[in-house]
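Notes follow once the structure below has been shown.
The values are calculated or read from the model by the stated rules, or taken from the named source; none is laboratory data. As the structure is a computational prediction, the values presented were derived from the model and not from experiment. Virtual Cβ from ideal backbone geometry, glycine too; neighbours counted across all protein chains shown. Just so you know, the surface numbers come from the protein's heavy atoms only, side chains and all, with ligands and any DNA or RNA stripped out. Shrake-Rupley method; radii C 1.70, N 1.55, O 1.52, S 1.80 Å.
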Amino acid sequence: MSLRLFIPCDSGALAVGADEIAAAFAAAGNSRNLALEIVRTGSRGLYWLEPLVEVATAQGRVAFGPVVPEDVDSLLDAITKQTPHRLALGPAENIPWLKRQTRLTFARCGVIDPKSLDDYRAYGGLKGLARAASVGGKAVIEEVVSSGLRGRGGAGFPTGIKWRTAADANGAQKYIVCNADEGDSGTFADRMIMEGDPFLLIEGMAIAALAVGATKGFVYIRSEYPHAIATMTKAIQTARAGGLLGKAIGGSQHSFELEVRIGAGSYVCGEETSLLESLEGRRGIVRAKPPLPAHQGLFGKPTVVNNVLSFAAVPFILAEGAKAYADFGMGRSRGTMPIQLAGNVRFGGLFETAFGLTLGEIVDDIGGGTRTGRPVRAVQVGGPLGAYFPRALFDTPFDYEAFAARDGLIGHGGVVLFDDRVDMLKQARFAFEFCALESCGKCTPCRIGSTRGVETVDLIRTTDDRASRIALIKDLCNTMKFGSLCALGGFVPYPVMSALTHFPEDFDATPRQQAAE
Amino acid sequence: MRDTSTSPALETWDAARATELIAGLKGQDGPLLPILHAIQQAFGCIPEPAEPLIAAELNITRAEVHGVVTFYHDFRREPAGRHVLKVCRAEACQSMGSDALVSHLERSLGLSCGETTADGRITIEAVYCLGLCAVAPSAMFDGTVHGRLNEQRLDTLVAEAKP
């Protein structure tokens, strides 16, 4: 009997050498005449342990990590002789960081072979689609509405309401569009699903297609994600061959075709109307709303645009029922959120849990503080357009409304830690700079305001009259917040104003690092 | 992740070849981005004569094509160097010192981000997020991903780039 090993092919694991580990095991197996079966999986999201290697045993899958090629021989000794090893982590499912999570969306990610539709089915996949096909579109929409699922891309709009709007819209041709333009720094959950459990996204989109009566879908993936593009493209081919796409999907009368489209390095194309323009082959210029995409979206037809995680949450909701999902969470934030711990963090990775943990629990308890071991000074939540939180606000619960009440946002669930060496004036400047770089140029507050913002921040350090410059920045932020057409210009005030409000000492005359020396 | 093979050989501009690429994709819904990606993959950039050709094939104006080419960061006017090193400069990587890493790289190669060495060996570019934020700082080298970088590992990558 051959020894079964599981080694991730997720790009976060590849970036720290997973391919070399797989090659080293294959070579060691050959030289020992030991039959090895190496299964490439997604990542479980415990990135500080990557490359994480799992071995199938009678007691289940046992984990070792982080592995370097030099460990491979001693690992094979330990595995075959069943002796202890310093990298042994015990049964993978029992690793406390994983065990504490509530994995509804990420239940299979890191477990199954993402290329295998049979694996997907064996681990509970396609039940949601089968139920959707048997209850019909209207019932599917009501199920999604009552689950309380809100758009996981960042805006938090109720997914079921969006679907109902598209279903009620008139039109022979309707579209399902998946926004996989995951451009926010600190986020990688969409990438993990596409690389680790692509059939989940396909199933979620197929359910949406059934619900609203759409026959064609697109997955718009950013070009910075070549591995996700390759895995999704392959999965769509497999899904078509396996009857998950094409005619009569999931035993229904409905047909649905799906295609991958690749972005071209524009951050603003993560904004839904800009993404639609891009799909149509134009500059990614934001559209004014109304009309809503659900009424007039892609090529002017009724279109559902949802984030990867929104679609990926749906198969569970259909398979287990709306209540099973809505039982998790707090207030109007129902279900689970895949929180992504990133940047200068000790235990970085994906932590899926019900809404409601405090930011302090997430940062200190789950994240374990900084990787550098220095004190956490600021935490940016929700990507480049999210606010920087100081320790004083660590009691904020992870919930859409609670973060909004503290002038922040949870966005796509990214949490980026900075240690005490961070210069918050520099971070505020970067927020404006990034906005200037990525602005589509349609509206004046964003196009001009971002550049003026960079100039004004620079003047804070070079002129004596800091008070008037800071007043100007506040005024500029006010204009951008209320005058911009979309969230790019409209949300840049979050990082800028939070830096200014919570870290005013960094906006003094002397740069912080010089002052410290 | 030590793949230092050079990118596939680029073709020299050939209008007939471009027309063939366009013809293969123009039937798609919203074909312009797929066409531009295909042209750039073949020729390493969007050569100027490609624009009127695409415009004619899709029955849109040259201005529209030019507008799209110049809107997206990915599309180049000139081919990049034989190797491309994209270093992430977004917040998660900033928190792990990517700014210092980029300065080191720029100093050691005598280039700024977006530039290519005089011998055409390597182009360095800034990228804003590779989704490797839990193994920051990160970079992409000719399509392979690298995390937990430091100056030494970055230097090794650059040194391994074949001339």
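Structure notes:
- Label-point separation in nm, A:Arg374 to A:Ala392, each point 7 Å along Cα→Cβ: 2.2 nm
- Helix-only [θ]222 nm of chain A, DSSP H runs n ≥ 4, -39500 (n - 2.57) each, per residue, nearest 500: -12000 deg cm²/dmol
- Our note on the geometry: Cα centres of segment B:94-147 and segment A:138-187, 36 Å apart.
- Across peptide A:340-353, the mean count of Cβ atoms from other chains lying within 10 Å of each residue's own Cβ comes to 4.
- In terms of packing, defined here as the mean over residues of other Cβ atoms within 10 angstrom, the peptides B:132-139, A:440-447, A:335-342, A:81-88 line up highest first as B:132-139, A:335-342, A:440-447, A:81-88.
- Local net charge near B:Gly44, Cβ-Cβ under 15 Å (Lys/Arg +1, Asp/Glu -1): -2
- Percent of alpha-carbon pairs separated by more than 23 Å within segment A:414-494: 22 percent
- Relative packing of peptides A:66-74, B:67-75, A:17-25, B:152-160 - highest average C-beta neighbours within 10 Å first: A:17-25, B:67-75, A:66-74, B:152-160
- Threshold 40 Å² - residues in segment A:358-381 whose accessible area is reduced by that much or more when the chain is no longer isolated, probe 1.4 Å: A:Arg371
- Of the whole protein surface, A:His502 contributes about 60 Å² of accessible area at a 1.4 Å probe radius.
- When the pairs A:Lys115/A:Lys138; A:Lys426/A:Lys474; A:Lys174/A:Lys247; A:Lys289/A:Lys442; A:Lys138/A:Lys162 are compared against a 20 Å limit on Cα-Cα distance, A:Lys115/A:Lys138 fall above it.
- Among the DSSP helices (H) of chain A, those spanning at least 24 angstrom by Cα along their long axis with an average Kyte-Doolittle hydropathy of -0.5 or more are A:444-462, A:466-483; this is a geometric and hydropathy rule only.
- Residue-span extension gain [A:Thr462 to A:Asp118] - 0.36 nm each, minus C-alpha spacing: 117.5 nm
- Shielding by partners, peptide A:415-422 (average Cβ within 10 angstrom, other chains): 3
- For A:Val260, the amide hydrogen comes within under 5 Å of the amide hydrogens of A:Val219, counting only partners 5 or more places away or on other chains and with H modelled in the peptide plane.
- Tail fraction, Cα-Cα pairs, segment A:150-213, threshold 21 Å, whole percent: 30 percent
- Sorted largest first by accessible area at a 1.4 angstrom probe radius, with every protein chain in place, the residues A:Arg164, A:Arg421 fall in the order A:Arg421, A:Arg164.
- The peptide list B:10-16, B:46-52, A:237-243, put in order of mean Cβ contacts within 10 Å with the highest first, becomes B:46-52, A:237-243, B:10-16.
- From helices alone, chain B scores -12000 deg cm²/dmol at 222 nm; the rule is -39500 (n - 2.57) for each run of n ≥ 4 DSSP H residues, then divide by the residue total.
- Bins of 10 Å, starting at 0 and running to the largest distance - Cα pair percent for the protein assembly as shown: 3, 15, 25, 28, 20, 8, 1, 0
- Cysteines without a disulfide-compatible partner [chain B; Cβ-Cβ under 4.7 Å]: B:Cys45, B:Cys113, B:Cys129, B:Cys133
- A Förster distance of 25 Å, applied to the separation of the beta-carbon atoms of A:Ala230 and A:Thr102, puts the FRET efficiency at 0.25.
- Here the translational diffusion coefficient of segment B:1-137 follows from Stokes-Einstein with Rh set to the Kirkwood radius across Cα pairs; for 25 °C and 0.890 mPa s it amounts to 146 µm²/s.
- Restricting attention to chain A, close to 50% of DSSP beta bridges with both partner residues there are antiparallel.
- Anisotropy class of segment A:120-161 from Cα gyration tensor, a/c 1.5 cut: oblate
- For segment A:48-179, the spread of Cα positions along the three principal axes, ordered from largest to smallest, is 65, 30, 25 Å.
- Whether segment A:319-411 is rounded, prolate or oblate, judged on the alpha carbon gyration tensor where a/c under 1.5 counts as rounded: prolate
- Karplus-derived HN-Hα couplings along segment A:396-405 (A = 6.51, B = -1.76, C = 1.60, θ = phi - 60°), whole Hz, x at Gly and Pro: 5, x, 6, 6, 3, 6, 5, 6, 4, 5
- Within 10 Å of the Cβ of each residue in A:7-20, the mean number of Cβ atoms contributed by other protein chains is 5.
- One quarter of the convex hull surface built on the alpha carbon atoms of segment B:77-127 amounts to 3.5 nm², the projected area averaged over directions.
- Taking all protein chains as shown and a probe of 1.4 angstrom, B:Cys113 keeps an accessible surface of around 40 Å².
- Prolate/oblate/rounded label for segment A:275-376 (Cα gyration tensor, a/c 1.5): oblate
- Ligands, DNA and RNA aside, A:Asp407 has an accessible area near 100 Å² when probed at 1.4 Å.
- Approximating the spin labels as points 7 Å out from Cα along Cα→Cβ, the A:Phe157-to-B:Gln41 distance works out to 3.3 nm.
- Database remark: amide H of A:Lys174 closer than 5 angstrom to the amide H of A:Thr215, A:Lys216 (H placed geometrically; neighbours at sequence offset of 5 or more, or on other chains; Pro and chain starts carry no H).
- Residues of segment A:198-349: accessible area per residue with a 1.4 Å probe, Å²: 29 Å²
- If the segment from A:Thr444 to A:Ala288 were pulled out straight at 0.36 nm per residue, it would be longer than the present Cα-Cα gap by 54.8 nm.
- Surface share of carbon and sulfur [accessible, 1.4 angstrom probe, percent] for segment A:171-315: 54 percent
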